[in-house]
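Down below is the structure, laid out as C-alpha coordinates.
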Amino acid sequence: MNKTDALIIGAGPTGLFTAHQLKLIGLDCEIVDNLDKIGGQCIELYPDKPIYDIPAVPECTGEELTNNLINQIKPFDIKFHLSERVDEVKKEGDNWIVKTSNDTIFQTPNVIIAGGVGSFEPRKFFVKECEKFENQSIFYSIKDKKMFEGKTVSIFGGGDSALDWAVELSKNSKVNLIHRRDDFRGAQATVDKVKQLANEGKINLFTKFQMTGIKGENKLESIDIKSDDKEVKILKTDYVLGFFGLIMQLGPIANWGLNIDKKTIEVDTEKFETNQKGIYAVGDICSYPGKLKLILSGFHEGALAARACFKLARPNEKYRFEFTTSSKTIKNRLGVKGD
Amino acid sequence: MAKITYITSDDKIHEIDVQNGLTVMEGAVQNDIPGIDADCGGGMACATCHVYVKEEWLDKLPTKEDGEEDMLDMAFEPKKNSRLSCQLVVSDDLDGLTVDIPSKQG
Ligand SMILES: Cc1cc2nc3c(=O)[nH]c(=O)nc-3n(C[C@H](O)[C@H](O)[C@H](O)COP(=O)(O)OP(=O)(O)OC[C@H]3O[C@@H](n4cnc5c(N)ncnc54)[C@H](O)[C@@H]3O)c2cc1C
Ligand code: FES
(Lines give C-alpha, C1' and ligand atoms only; values in the text may rest on other atoms or scores of the structure.)
(Ligands and ions follow the chains in the order given, each with its own letter.)
Protein backbone atom coordinates (compact mmCIF):
# COMPACT_ATOMS: atom_id res chain seq x y z
CA MET A 1 0.00 0.00 0.00
CA ASN A 2 1.37 3.41 -1.01
CA LYS A 3 0.45 6.23 1.34
CA THR A 4 0.55 9.73 -0.03
CA ASP A 5 -0.96 13.15 0.68
CA ALA A 6 -2.51 13.40 -2.78
CA LEU A 7 -2.83 11.06 -5.72
CA ILE A 8 -2.98 12.62 -9.16
CA ILE A 9 -4.74 10.77 -11.96
CA GLY A 10 -3.32 11.92 -15.29
CA ALA A 11 0.16 13.10 -16.27
CA GLY A 12 -0.97 15.72 -18.79
CA PRO A 13 0.08 19.36 -18.37
CA THR A 14 -2.51 19.90 -15.62
CA GLY A 15 -1.44 16.88 -13.56
CA LEU A 16 2.22 17.87 -13.87
CA PHE A 17 1.76 21.45 -12.73
CA THR A 18 -0.60 20.36 -9.94
CA ALA A 19 2.18 18.09 -8.66
CA HIS A 20 4.51 21.09 -8.65
CA GLN A 21 2.04 23.11 -6.61
CA LEU A 22 1.52 20.29 -4.10
CA LYS A 23 5.24 19.84 -3.56
CA LEU A 24 5.81 23.58 -3.19
CA ILE A 25 3.42 23.73 -0.26
CA GLY A 26 5.02 20.67 1.29
CA LEU A 27 2.67 17.86 0.33
CA ASP A 28 3.64 14.51 -1.17
CA CYS A 29 2.06 13.18 -4.30
CA GLU A 30 2.27 10.38 -6.83
CA ILE A 31 0.96 10.36 -10.41
CA VAL A 32 -0.72 7.57 -12.37
CA ASP A 33 -1.26 7.60 -16.14
CA ASN A 34 -2.48 4.98 -18.53
CA LEU A 35 -0.15 6.22 -21.27
CA ASP A 36 3.39 4.84 -21.39
CA LYS A 37 4.74 8.38 -21.40
CA ILE A 38 4.31 11.69 -19.61
CA GLY A 39 2.47 14.61 -21.25
CA GLY A 40 -1.16 13.70 -21.98
CA GLN A 41 -2.68 15.17 -25.15
CA CYS A 42 0.37 17.39 -25.74
CA ILE A 43 2.67 14.43 -26.17
CA GLU A 44 0.24 11.92 -27.66
CA LEU A 45 -1.75 14.10 -30.05
CA TYR A 46 0.45 17.02 -31.03
CA PRO A 47 4.10 16.74 -29.90
CA ASP A 48 5.36 18.75 -32.92
CA LYS A 49 2.66 21.39 -33.14
CA PRO A 50 3.47 24.82 -31.73
CA ILE A 51 1.33 26.29 -28.93
CA TYR A 52 1.13 30.10 -28.75
CA ASP A 53 -0.96 30.78 -25.66
CA ILE A 54 1.05 29.59 -22.69
CA PRO A 55 1.58 32.70 -20.50
CA ALA A 56 5.13 34.06 -20.87
CA VAL A 57 6.06 31.39 -23.42
CA PRO A 58 5.51 32.94 -26.85
CA GLU A 59 5.85 29.64 -28.66
CA CYS A 60 6.57 26.02 -27.75
CA THR A 61 5.58 22.62 -29.11
CA GLY A 62 3.56 20.04 -27.21
CA GLU A 63 6.75 18.12 -26.55
CA GLU A 64 8.70 21.20 -25.40
CA LEU A 65 5.91 22.18 -23.03
CA THR A 66 5.94 18.68 -21.56
CA ASN A 67 9.72 18.70 -21.15
CA ASN A 68 9.60 22.11 -19.47
CA LEU A 69 6.94 20.92 -17.04
CA ILE A 70 9.01 17.81 -16.28
CA ASN A 71 12.08 20.01 -15.67
CA GLN A 72 10.09 22.24 -13.38
CA ILE A 73 9.27 19.29 -11.09
CA LYS A 74 12.79 17.81 -11.25
CA PRO A 75 13.74 19.24 -7.82
CA PHE A 76 11.05 17.06 -6.32
CA ASP A 77 11.30 13.34 -6.48
CA ILE A 78 7.83 12.51 -7.74
CA LYS A 79 6.87 8.93 -8.38
CA PHE A 80 5.15 8.23 -11.69
CA HIS A 81 3.16 5.07 -12.36
CA LEU A 82 2.88 4.89 -16.16
CA SER A 83 0.95 2.36 -18.27
CA GLU A 84 -1.44 1.94 -15.36
CA ARG A 85 -5.05 2.92 -15.36
CA VAL A 86 -6.86 3.94 -12.20
CA ASP A 87 -9.81 1.59 -12.02
CA GLU A 88 -11.26 2.02 -8.54
CA VAL A 89 -11.64 4.81 -6.02
CA LYS A 90 -13.33 3.83 -2.74
CA LYS A 91 -13.87 5.57 0.57
CA GLU A 92 -12.36 4.01 3.71
CA GLY A 93 -12.65 6.12 6.84
CA ASP A 94 -11.06 9.50 6.14
CA ASN A 95 -9.10 8.15 3.20
CA TRP A 96 -9.62 7.11 -0.37
CA ILE A 97 -8.35 3.75 -1.49
CA VAL A 98 -7.28 3.88 -5.11
CA LYS A 99 -6.58 0.81 -7.19
CA THR A 100 -4.92 0.59 -10.60
CA SER A 101 -5.03 -1.93 -13.43
CA ASN A 102 -1.68 -3.29 -12.19
CA ASP A 103 -3.11 -3.74 -8.69
CA THR A 104 -1.07 -0.90 -7.24
CA ILE A 105 -2.99 0.41 -4.23
CA PHE A 106 -2.83 3.89 -2.76
CA GLN A 107 -4.22 5.27 0.48
CA THR A 108 -4.73 9.01 0.39
CA PRO A 109 -7.01 11.72 1.77
CA ASN A 110 -6.95 13.54 -1.59
CA VAL A 111 -7.53 12.34 -5.14
CA ILE A 112 -6.99 14.86 -7.91
CA ILE A 113 -8.45 13.83 -11.24
CA ALA A 114 -6.52 15.51 -14.06
CA GLY A 115 -7.83 13.00 -16.56
CA GLY A 116 -8.34 15.22 -19.61
CA VAL A 117 -10.87 13.72 -21.98
CA GLY A 118 -10.25 10.30 -20.48
CA SER A 119 -7.52 7.73 -20.52
CA PHE A 120 -5.75 6.92 -23.75
CA GLU A 121 -6.68 3.41 -24.90
CA PRO A 122 -6.07 1.60 -28.18
CA ARG A 123 -8.83 1.87 -30.79
CA LYS A 124 -10.25 -1.54 -31.42
CA PHE A 125 -11.80 -3.43 -34.32
CA PHE A 126 -15.46 -2.67 -34.77
CA VAL A 127 -16.34 -6.24 -35.67
CA LYS A 128 -18.06 -7.37 -32.48
CA GLU A 129 -16.75 -10.95 -32.41
CA CYS A 130 -13.19 -9.63 -32.12
CA GLU A 131 -13.66 -9.20 -28.36
CA LYS A 132 -13.82 -12.95 -27.96
CA PHE A 133 -10.27 -13.36 -29.27
CA GLU A 134 -8.74 -10.27 -27.71
CA ASN A 135 -5.40 -10.96 -26.01
CA GLN A 136 -5.43 -14.52 -27.36
CA SER A 137 -5.13 -14.08 -31.09
CA ILE A 138 -6.10 -10.44 -31.55
CA PHE A 139 -3.76 -7.78 -30.18
CA TYR A 140 -3.45 -4.00 -30.20
CA SER A 141 0.16 -3.94 -29.02
CA ILE A 142 2.95 -6.49 -29.02
CA LYS A 143 4.70 -7.71 -25.90
CA ASP A 144 6.54 -10.74 -27.23
CA LYS A 145 7.07 -11.09 -30.95
CA LYS A 146 8.32 -14.67 -30.63
CA MET A 147 4.76 -16.01 -30.50
CA PHE A 148 4.29 -15.04 -34.16
CA GLU A 149 7.22 -17.07 -35.51
CA GLY A 150 6.18 -19.39 -38.31
CA LYS A 151 2.56 -18.23 -38.09
CA THR A 152 0.30 -16.16 -40.31
CA VAL A 153 -0.27 -12.65 -38.98
CA SER A 154 -2.76 -10.17 -40.42
CA ILE A 155 -1.88 -6.58 -39.62
CA PHE A 156 -4.37 -3.71 -39.97
CA GLY A 157 -3.46 -0.03 -40.14
CA GLY A 158 -1.60 2.54 -42.22
CA GLY A 159 0.66 4.31 -39.75
CA ASP A 160 4.15 3.68 -38.47
CA SER A 161 3.23 0.96 -35.95
CA ALA A 162 1.46 -1.14 -38.58
CA LEU A 163 4.23 -0.70 -41.15
CA ASP A 164 7.12 -1.23 -38.73
CA TRP A 165 5.60 -4.46 -37.44
CA ALA A 166 4.77 -5.66 -40.95
CA VAL A 167 8.44 -5.25 -41.93
CA GLU A 168 9.72 -6.81 -38.71
CA LEU A 169 7.37 -9.79 -38.59
CA SER A 170 7.80 -10.55 -42.32
CA LYS A 171 11.24 -11.96 -41.42
CA ASN A 172 9.80 -14.97 -39.59
CA SER A 173 6.07 -15.01 -40.28
CA LYS A 174 3.65 -14.90 -43.16
CA VAL A 175 2.33 -11.33 -43.10
CA ASN A 176 -0.87 -9.85 -44.53
CA LEU A 177 -1.02 -6.06 -44.36
CA ILE A 178 -4.50 -4.59 -44.76
CA HIS A 179 -5.29 -0.88 -45.05
CA ARG A 180 -8.41 1.07 -46.01
CA ARG A 181 -6.74 3.14 -48.74
CA ASP A 182 -3.68 3.22 -51.01
CA ASP A 183 -1.86 5.94 -49.11
CA PHE A 184 0.00 5.15 -45.94
CA ARG A 185 0.72 7.74 -43.30
CA GLY A 186 3.94 6.13 -42.01
CA ALA A 187 7.48 7.37 -42.70
CA GLN A 188 8.28 7.30 -46.43
CA ALA A 189 11.29 5.01 -45.97
CA THR A 190 9.13 2.40 -44.24
CA VAL A 191 6.39 2.74 -46.85
CA ASP A 192 8.99 2.09 -49.57
CA LYS A 193 10.32 -0.91 -47.67
CA VAL A 194 6.82 -2.37 -47.31
CA LYS A 195 6.16 -1.91 -51.03
CA GLN A 196 9.47 -3.58 -51.86
CA LEU A 197 8.67 -6.53 -49.58
CA ALA A 198 5.23 -6.74 -51.18
CA ASN A 199 6.83 -6.91 -54.65
CA GLU A 200 9.15 -9.66 -53.43
CA GLY A 201 6.12 -11.56 -52.14
CA LYS A 202 7.19 -11.31 -48.51
CA ILE A 203 4.19 -9.24 -47.49
CA ASN A 204 0.70 -9.72 -48.91
CA LEU A 205 -0.65 -6.22 -49.32
CA PHE A 206 -4.41 -5.54 -49.39
CA THR A 207 -5.23 -1.88 -49.80
CA LYS A 208 -8.75 -0.42 -49.89
CA PHE A 209 -9.87 -3.33 -47.73
CA GLN A 210 -11.42 -3.36 -44.27
CA MET A 211 -12.34 -6.20 -41.91
CA THR A 212 -15.99 -7.25 -42.01
CA GLY A 213 -16.02 -10.56 -40.21
CA ILE A 214 -14.09 -13.12 -38.27
CA LYS A 215 -14.41 -16.89 -38.04
CA GLY A 216 -13.34 -19.52 -35.55
CA GLU A 217 -14.87 -21.37 -32.63
CA ASN A 218 -12.30 -21.69 -29.87
CA LYS A 219 -9.43 -20.67 -32.05
CA LEU A 220 -9.26 -17.90 -34.62
CA GLU A 221 -9.37 -19.41 -38.12
CA SER A 222 -9.94 -16.70 -40.68
CA ILE A 223 -11.05 -13.15 -41.27
CA ASP A 224 -13.24 -11.63 -43.98
CA ILE A 225 -12.06 -8.46 -45.62
CA LYS A 226 -14.10 -6.40 -48.04
CA SER A 227 -12.89 -3.87 -50.58
CA ASP A 228 -14.37 -0.54 -51.59
CA ASP A 229 -15.71 -2.34 -54.67
CA LYS A 230 -17.47 -4.89 -52.44
CA GLU A 231 -15.03 -7.68 -53.24
CA VAL A 232 -14.79 -10.07 -50.28
CA LYS A 233 -11.70 -12.12 -49.49
CA ILE A 234 -11.27 -14.71 -46.79
CA LEU A 235 -7.81 -14.78 -45.23
CA LYS A 236 -6.71 -17.72 -43.13
CA THR A 237 -4.80 -16.35 -40.20
CA ASP A 238 -3.44 -17.31 -36.78
CA TYR A 239 -3.15 -13.82 -35.38
CA VAL A 240 -4.61 -10.38 -36.05
CA LEU A 241 -2.98 -7.10 -35.05
CA GLY A 242 -4.79 -3.76 -35.12
CA PHE A 243 -2.91 -0.45 -35.06
CA PHE A 244 -5.46 2.35 -35.23
CA GLY A 245 -3.93 4.77 -32.75
CA LEU A 246 -5.37 5.72 -29.41
CA ILE A 247 -8.73 7.09 -28.36
CA MET A 248 -9.62 8.86 -25.12
CA GLN A 249 -12.15 7.02 -23.02
CA LEU A 250 -13.67 8.25 -19.80
CA GLY A 251 -13.79 4.62 -18.69
CA PRO A 252 -13.79 3.83 -14.97
CA ILE A 253 -14.05 7.50 -13.87
CA ALA A 254 -17.77 7.22 -14.63
CA ASN A 255 -18.20 4.70 -11.77
CA TRP A 256 -16.86 6.70 -8.84
CA GLY A 257 -20.10 8.40 -7.84
CA LEU A 258 -19.18 11.79 -9.30
CA ASN A 259 -21.54 14.24 -10.98
CA ILE A 260 -20.70 13.76 -14.64
CA ASP A 261 -22.26 15.58 -17.56
CA LYS A 262 -21.05 15.22 -21.15
CA LYS A 263 -17.88 13.43 -20.04
CA THR A 264 -16.86 16.23 -17.66
CA ILE A 265 -17.00 16.37 -13.87
CA GLU A 266 -18.80 19.20 -12.07
CA VAL A 267 -16.66 21.12 -9.58
CA ASP A 268 -16.83 24.26 -7.47
CA THR A 269 -14.44 27.06 -8.40
CA GLU A 270 -12.98 27.57 -4.95
CA LYS A 271 -11.34 24.19 -4.41
CA PHE A 272 -12.18 22.41 -7.66
CA GLU A 273 -13.75 19.78 -5.48
CA THR A 274 -16.34 17.37 -6.88
CA ASN A 275 -19.49 16.25 -5.10
CA GLN A 276 -17.23 13.85 -3.12
CA LYS A 277 -15.16 15.40 -0.35
CA GLY A 278 -11.45 14.97 -1.05
CA ILE A 279 -11.88 14.25 -4.77
CA TYR A 280 -11.00 17.15 -7.03
CA ALA A 281 -11.12 17.52 -10.80
CA VAL A 282 -8.86 19.89 -12.74
CA GLY A 283 -7.96 20.58 -16.37
CA ASP A 284 -10.01 19.49 -19.37
CA ILE A 285 -12.06 17.03 -17.32
CA CYS A 286 -13.67 19.55 -14.99
CA SER A 287 -16.66 21.74 -15.75
CA TYR A 288 -18.05 24.91 -14.19
CA PRO A 289 -19.69 27.99 -15.65
CA GLY A 290 -17.23 29.62 -18.04
CA LYS A 291 -14.75 26.71 -18.19
CA LEU A 292 -12.19 27.03 -20.98
CA LYS A 293 -10.43 23.87 -22.12
CA LEU A 294 -7.02 25.52 -22.21
CA ILE A 295 -3.75 24.52 -20.63
CA LEU A 296 -3.51 27.80 -18.72
CA SER A 297 -6.87 27.16 -17.04
CA GLY A 298 -5.65 23.75 -15.89
CA PHE A 299 -2.64 25.38 -14.20
CA HIS A 300 -4.86 27.73 -12.19
CA GLU A 301 -7.28 24.96 -11.25
CA GLY A 302 -4.43 22.73 -10.07
CA ALA A 303 -2.95 25.48 -7.92
CA LEU A 304 -6.25 25.94 -6.08
CA ALA A 305 -6.96 22.23 -5.71
CA ALA A 306 -3.48 21.75 -4.22
CA ARG A 307 -4.24 24.32 -1.49
CA ALA A 308 -7.51 22.54 -0.76
CA CYS A 309 -5.61 19.25 -0.32
CA PHE A 310 -3.54 20.82 2.46
CA LYS A 311 -6.48 20.90 4.85
CA LEU A 312 -7.20 17.18 4.59
CA ALA A 313 -3.57 16.09 4.49
CA ARG A 314 -2.44 18.28 7.42
CA PRO A 315 -5.57 18.76 9.52
CA ASN A 316 -3.59 20.14 12.46
CA GLU A 317 -1.55 22.68 10.53
CA LYS A 318 -2.50 25.95 8.98
CA TYR A 319 -1.61 26.70 5.37
CA ARG A 320 0.41 29.88 4.96
CA PHE A 321 0.50 31.75 1.69
CA GLU A 322 4.07 32.40 0.53
CA PHE A 323 5.87 33.59 -2.60
CA THR A 324 8.51 31.42 -4.20
CA THR A 325 10.74 34.48 -4.58
CA SER A 326 10.92 35.14 -0.84
CA SER A 327 10.05 32.00 1.13
CA LYS A 328 13.01 30.18 2.69
CA THR A 329 10.92 27.06 3.21
CA ILE A 330 9.95 26.91 -0.44
CA LYS A 331 13.54 27.51 -1.54
CA ASN A 332 14.60 24.62 0.66
CA ARG A 333 12.03 22.40 -0.95
CA LEU A 334 13.26 23.45 -4.38
CA GLY A 335 16.86 22.87 -3.30
CA VAL A 336 17.91 26.40 -4.29
CA LYS A 337 20.08 28.67 -2.18
CA GLY A 338 18.34 31.46 -0.30
CA ASP A 339 19.82 34.94 -0.46
CA MET B 1 -26.36 31.03 -41.96
CA ALA B 2 -26.92 27.59 -43.45
CA LYS B 3 -29.45 24.89 -42.76
CA ILE B 4 -27.59 21.70 -41.91
CA THR B 5 -29.42 18.41 -41.58
CA TYR B 6 -27.93 15.88 -39.20
CA ILE B 7 -29.29 12.34 -39.39
CA THR B 8 -28.46 10.29 -36.31
CA SER B 9 -27.95 6.54 -36.54
CA ASP B 10 -31.50 5.94 -35.24
CA ASP B 11 -32.71 7.75 -38.42
CA LYS B 12 -33.85 10.83 -36.50
CA ILE B 13 -33.58 14.01 -38.53
CA HIS B 14 -32.27 17.18 -36.90
CA GLU B 15 -32.49 20.35 -39.00
CA ILE B 16 -30.38 23.11 -37.53
CA ASP B 17 -29.59 26.65 -38.64
CA VAL B 18 -25.87 26.98 -38.10
CA GLN B 19 -24.12 30.35 -38.12
CA ASN B 20 -21.46 31.04 -40.69
CA GLY B 21 -17.99 30.54 -39.29
CA LEU B 22 -18.91 27.71 -36.96
CA THR B 23 -18.00 24.19 -38.00
CA VAL B 24 -20.49 21.44 -38.76
CA MET B 25 -19.11 19.77 -35.60
CA GLU B 26 -19.84 22.82 -33.44
CA GLY B 27 -23.34 23.05 -34.91
CA ALA B 28 -24.02 19.55 -33.61
CA VAL B 29 -22.32 19.87 -30.22
CA GLN B 30 -23.93 23.24 -29.39
CA ASN B 31 -27.35 21.87 -30.24
CA ASP B 32 -26.96 18.63 -28.27
CA ILE B 33 -27.18 16.38 -31.30
CA PRO B 34 -25.95 13.00 -30.08
CA GLY B 35 -23.23 10.98 -31.78
CA ILE B 36 -20.54 13.58 -32.40
CA ASP B 37 -18.03 13.37 -29.54
CA ALA B 38 -15.36 15.80 -30.80
CA ASP B 39 -12.96 14.74 -28.06
CA CYS B 40 -10.11 16.95 -29.26
CA GLY B 41 -12.32 20.02 -29.64
CA GLY B 42 -11.69 20.48 -33.35
CA GLY B 43 -7.95 19.91 -33.32
CA MET B 44 -8.12 17.25 -36.07
CA ALA B 45 -6.51 14.87 -33.61
CA CYS B 46 -9.25 12.45 -32.57
CA ALA B 47 -11.56 11.47 -35.46
CA THR B 48 -14.55 11.36 -33.11
CA CYS B 49 -16.45 13.98 -35.12
CA HIS B 50 -16.70 11.69 -38.14
CA VAL B 51 -19.73 12.04 -40.44
CA TYR B 52 -20.84 10.73 -43.83
CA VAL B 53 -21.84 13.47 -46.23
CA LYS B 54 -24.54 12.95 -48.86
CA GLU B 55 -22.89 11.97 -52.13
CA GLU B 56 -24.11 15.02 -54.06
CA TRP B 57 -22.26 17.24 -51.59
CA LEU B 58 -18.88 15.53 -51.87
CA ASP B 59 -17.55 17.80 -54.61
CA LYS B 60 -19.07 20.96 -53.22
CA LEU B 61 -17.28 20.84 -49.88
CA PRO B 62 -13.87 22.37 -49.25
CA THR B 63 -11.22 19.76 -50.06
CA LYS B 64 -9.54 17.78 -47.33
CA GLU B 65 -6.52 19.36 -45.74
CA ASP B 66 -3.35 17.38 -45.10
CA GLY B 67 -3.97 15.08 -42.23
CA GLU B 68 -7.74 14.70 -42.47
CA GLU B 69 -7.48 11.48 -44.46
CA ASP B 70 -4.87 10.20 -41.97
CA MET B 71 -7.26 10.80 -39.09
CA LEU B 72 -10.11 9.16 -41.01
CA ASP B 73 -8.02 5.96 -41.04
CA MET B 74 -8.82 5.74 -37.36
CA ALA B 75 -12.52 6.56 -37.58
CA PHE B 76 -15.33 4.05 -37.19
CA GLU B 77 -16.13 2.46 -40.57
CA PRO B 78 -14.78 5.16 -42.85
CA LYS B 79 -16.23 5.30 -46.35
CA LYS B 80 -15.60 7.32 -49.49
CA ASN B 81 -18.00 10.00 -48.27
CA SER B 82 -16.45 10.29 -44.81
CA ARG B 83 -15.41 13.68 -43.48
CA LEU B 84 -14.36 15.13 -40.15
CA SER B 85 -17.12 17.57 -39.26
CA CYS B 86 -14.70 19.82 -37.37
CA GLN B 87 -13.03 20.59 -40.69
CA LEU B 88 -16.22 21.75 -42.41
CA VAL B 89 -16.66 25.46 -41.82
CA VAL B 90 -20.20 26.63 -42.36
CA SER B 91 -20.94 29.31 -44.95
CA ASP B 92 -23.98 30.17 -47.09
CA ASP B 93 -22.59 27.71 -49.65
CA LEU B 94 -23.27 24.82 -47.28
CA ASP B 95 -26.99 25.64 -46.99
CA GLY B 96 -28.85 22.34 -47.35
CA LEU B 97 -25.95 20.06 -46.44
CA THR B 98 -27.02 16.71 -45.02
CA VAL B 99 -24.70 14.53 -42.96
CA ASP B 100 -25.23 11.08 -41.48
CA ILE B 101 -23.74 10.46 -38.06
CA PRO B 102 -22.23 6.97 -37.66
CA SER B 103 -23.54 4.65 -34.94
CA LYS B 104 -20.25 4.94 -33.07
CA GLN B 105 -17.28 7.26 -32.90
CA GLY B 106 -14.77 4.86 -31.44
C1 LIG C 1 -4.47 19.26 -31.56
C2 LIG C 1 -4.66 20.01 -30.27
C3 LIG C 1 -4.17 21.30 -30.13
C4 LIG C 1 -4.30 22.01 -28.92
N5 LIG C 1 -3.79 23.27 -28.83
C6 LIG C 1 -3.88 23.96 -27.65
C7 LIG C 1 -3.34 25.29 -27.51
O8 LIG C 1 -2.81 25.87 -28.48
N9 LIG C 1 -3.45 25.92 -26.30
C10 LIG C 1 -4.05 25.32 -25.22
O11 LIG C 1 -4.10 25.93 -24.13
N12 LIG C 1 -4.59 24.07 -25.33
C13 LIG C 1 -4.52 23.38 -26.52
N14 LIG C 1 -5.08 22.12 -26.63
C15 LIG C 1 -5.79 21.57 -25.46
C16 LIG C 1 -4.82 21.04 -24.42
O17 LIG C 1 -3.96 20.06 -24.99
C18 LIG C 1 -5.60 20.43 -23.27
O19 LIG C 1 -6.37 21.45 -22.67
C20 LIG C 1 -4.67 19.86 -22.22
O21 LIG C 1 -3.91 18.79 -22.74
C22 LIG C 1 -5.47 19.36 -21.03
O23 LIG C 1 -4.56 18.86 -20.11
P24 LIG C 1 -4.99 17.84 -18.99
O25 LIG C 1 -3.74 17.58 -18.22
O26 LIG C 1 -6.19 18.38 -18.29
O27 LIG C 1 -5.48 16.53 -19.78
P28 LIG C 1 -4.73 15.60 -20.85
O29 LIG C 1 -3.65 16.30 -21.54
O30 LIG C 1 -5.84 15.04 -21.67
O31 LIG C 1 -4.12 14.43 -19.96
C32 LIG C 1 -4.95 13.57 -19.26
C33 LIG C 1 -4.20 12.28 -18.96
O34 LIG C 1 -4.96 11.52 -18.01
C35 LIG C 1 -4.84 10.17 -18.31
N36 LIG C 1 -5.97 9.45 -17.70
C37 LIG C 1 -7.29 9.70 -17.83
N38 LIG C 1 -8.03 8.83 -17.10
C39 LIG C 1 -7.15 8.00 -16.50
C40 LIG C 1 -7.29 6.87 -15.62
N41 LIG C 1 -8.48 6.42 -15.23
N42 LIG C 1 -6.16 6.24 -15.22
C43 LIG C 1 -4.92 6.67 -15.63
N44 LIG C 1 -4.74 7.73 -16.45
C45 LIG C 1 -5.84 8.38 -16.88
C46 LIG C 1 -4.81 10.12 -19.81
O47 LIG C 1 -4.18 8.93 -20.28
C48 LIG C 1 -4.03 11.39 -20.18
O49 LIG C 1 -2.66 11.14 -20.38
C50 LIG C 1 -4.96 21.40 -27.82
C51 LIG C 1 -5.46 20.10 -27.95
C52 LIG C 1 -5.33 19.40 -29.15
C53 LIG C 1 -5.85 18.00 -29.24
S1 FES D 1 -13.04 17.08 -33.21
FE2 FES D 1 -11.29 15.81 -33.10
S3 FES D 1 -10.88 15.44 -35.18
FE4 FES D 1 -12.64 16.67 -35.27
When A:Phe156 is run through (1) within 13 Å of chain B (Cβ to nearest Cβ); (2) crowded, with 17+ Cβ neighbours inside 10 Å; (3) free of Cβ contacts under 8 Å to residues at least 60 places away in the same chain, the failure sits at (3)
Expected single match for of a type in the set (Lys, Arg), surrounded by fewer than 17 Cβ atoms within 10 Å (Cβ to Cβ) and touching a residue at least 60 places away in the same chain (Cβ under 8 Å) among A:Arg320, A:Arg314 is A:Arg314
Note on the range A:264-278: residues open to solvent by 70 Å² or more (accessible area, probe 1.4 Å), in a loop (DSSP other than H, G, I, E, B) and of a type in the set (D, E, K, R) are A:Glu270, A:Lys271, A:Lys277
Picked from the range A:28-68 (must be among the small types (Gly, Ala, Ser) and away from ligand 2 (no atom under 16 Å from the Cβ)), the residue surrounded by the fewest Cβ atoms within 10 Å (Cβ to Cβ) is A:Ala56
Apart from one, (1) within 27 Å of B:Asp37 (Cβ to Cβ); (2) over 21 Å from the mean Cα position of the chain (by Cα); (3) within 14 Å of another protein chain (Cβ to nearest Cβ) all hold for A:Ser161; the odd one out is (2)
So the helices (runs of 4 or more DSSP H) completely within the range A:4-110 holding 1 or more residues that are on the phi > 0 side of the Ramachandran plot and near ligand 1 (Cβ under 7 Å from one of its atoms) are A:40-44
In the set A:Leu304, A:Leu250, A:Leu296, A:Leu246, the lone residue that is in contact (Cβ under 8 Å) with a residue 60 or more places away in the chain, of a type outside the set (Ser, Thr, Tyr) and more than 13 Å from chain B (Cβ to nearest Cβ) is A:Leu296
Scanning the range B:27-65 residue by residue, the ones that are hydroxyl-bearing (Ser, Thr, Tyr) and within 10 Å of chain A (Cβ to nearest Cβ) total 1
By residue number, the members of the range A:100-131 that are under 30 Å from A:Glu217 (Cα atoms) and either in contact with a Gly (Cβ under 9 Å, 6 or more places away or on another chain) or of a type outside the set (S, T, N, Q) (or both) are A:Glu121, A:Pro122, A:Arg123, A:Lys124, A:Phe125, A:Phe126, A:Val127, A:Lys128, A:Glu129, A:Cys130, A:Glu131
The condition of being in contact with a Phe, Trp or Tyr (Cβ under 7 Å, 6 or more places away or on another chain) and open to solvent by 20 Å² or more (accessible area, probe 1.4 Å) holds, among A:Ser161, A:Ser173, only for A:Ser161
Here the residues within the range B:11-30 that are within 20 Å of A:Lys262 (Cα to Cα) and charged (D, E, K, R) are B:Glu26
Conditions (1) more than 14 Å from every other protein chain (Cβ to nearest Cβ); (2) part of a loop (DSSP other than H, G, I, E, B); (3) open to solvent by 60 Å² or more (accessible area, probe 1.4 Å) -> A:Arg185 fails only (1)
Looking across the range B:66-106 at residues that are open to solvent by 80 Å² or more (accessible area, probe 1.4 Å) and away from chain A (no Cβ under 14 Å), the single one that is nearest to B:Ile4 (Cα to Cα) is B:Asp95
Within the range B:16-33, restricting to residues that are within 12 Å of the chain's Cα centre (by Cα) and open to solvent by 30 Å² or more (accessible area, probe 1.4 Å), the one that is farthest from ligand 2 (Cβ to nearest atom) is B:Leu22
Counting only residues that are within 14 Å of chain B (Cβ to nearest Cβ) and charged (D, E, K, R), the range A:253-270 contains a total of 3
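The values are calculated or read from the model by the stated rules, or taken from the named source; none is laboratory data. Because the structure is predicted, anything quoted here is derived from the model rather than measured. Cβ sites come from the backbone with ideal geometry, for glycine too, and all protein chains shown count toward neighbours. Surface accessibility is based on the protein's heavy atoms, side chains included, excluding ligands, DNA and RNA. Shrake-Rupley method; radii C 1.70, N 1.55, O 1.52, S 1.80 Å.
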